[in-house]
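Heads up: the structure comes next, in structure tokens.
Quick note: the coordinates plus some simple rules give every number you see, no bench work behind them. What you see is a predicted model, and the numbers here were worked out from it, not measured in a lab. Heads up, the Cβs are rebuilt from the backbone with ideal geometry, glycines too, and the neighbour counts pull from every protein chain shown.
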Amino acid sequence: MDVYDAITRRKTVYSFLDKEVNEEVVLKLIDSAIKSPTAGGIREYEFIIVTNPDKKKEISRVSLTPHIDSAPFIVIVICDKSKMDAVFDEEDSETFCVENAALAIENLLLMASSYGLGSAWIATLQQEELRKLLAIPEKYKVRGIIPIGYIKEEGEIRNSGPKVDISRIVHIEKFNNNAN
Ligand SMILES: Cc1cc2nc3c(=O)[nH]c(=O)nc-3n(C[C@H](O)[C@H](O)[C@H](O)COP(=O)(O)O)c2cc1C
């Protein structure tokens, strides 16, 4: 599948088939995530892969997102901001942490899509509960909960695809050059 197809096919899904994802594929997804560009060349994020059914249930609870425990695995993306703080000022450090994680997560979602897998990026979560549940050290912040698996029903895809009229958001040469 080419990149555009993977991008076009990707949709947020919350329910998954009870079907394992090959370990090699899981590793390929992580490998893709860490190939994203990083501010200052600093890769301050790490991943926790969860397959344990009880833990997945708990993650589903603390993410306030039912059913994601149906995913064969959930990737938790965590960031150690102190690595950025050592190089950048406070404001840049915070921004770059978010941006680095976002790029890694997007690579993960797109690579998953290219394998015919569905995924979601869940960012509203209960940090402290998740930290306790997965024994995440204090210095890390959870940036995303990413359930990944084979899509249960195409009908479950919340098709929010591009409804944007591109001509309204693209400006040529200067801002509003394209306004009516
Ligand atoms: C930064 C970010 C945070 C998100 N957080 C949540 C979340 O907490 N819960 C959730 O259900 N979806 C979350 N999403 C998924 C969006 O709701 C979803 O991408 C959006 O509705 C567009 O749908 P699509 O992904 O199918 O195109 C998040 C997406 C992004 C990029």
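Here are some notes:
- Here the simple spin-label model places points 7 Å from the Cα toward Cβ, and for ASP31 and GLN127 these points are separated by 3.4 nm.
- Rg/Rh ratio calculated on Cα atoms of segment 4-110 (Kirkwood radius): 1.01
- Normalised convex hull volume, the chain, alpha-carbon set, Å³ per residue: 152
- Kyte-Doolittle mean at least -1.0, axial Cα span of 20 Å or more - DSSP H helices of the chain: 90-114
- Positive minus negative residues near TRP121 (Lys, Arg vs Asp, Glu; Cβ under 10 Å): 0
- Helix-only mean residue ellipticity at 222 nm for the chain, each DSSP H run of n ≥ 4 adding -39500 (n - 2.57), per residue, nearest 500: -11000 deg cm²/dmol
- Over 30 Å between alpha carbons, listed pairs LYS11/LYS174; LYS19/LYS83; LYS141/LYS174; LYS83/LYS132: LYS11/LYS174; LYS19/LYS83; LYS141/LYS174
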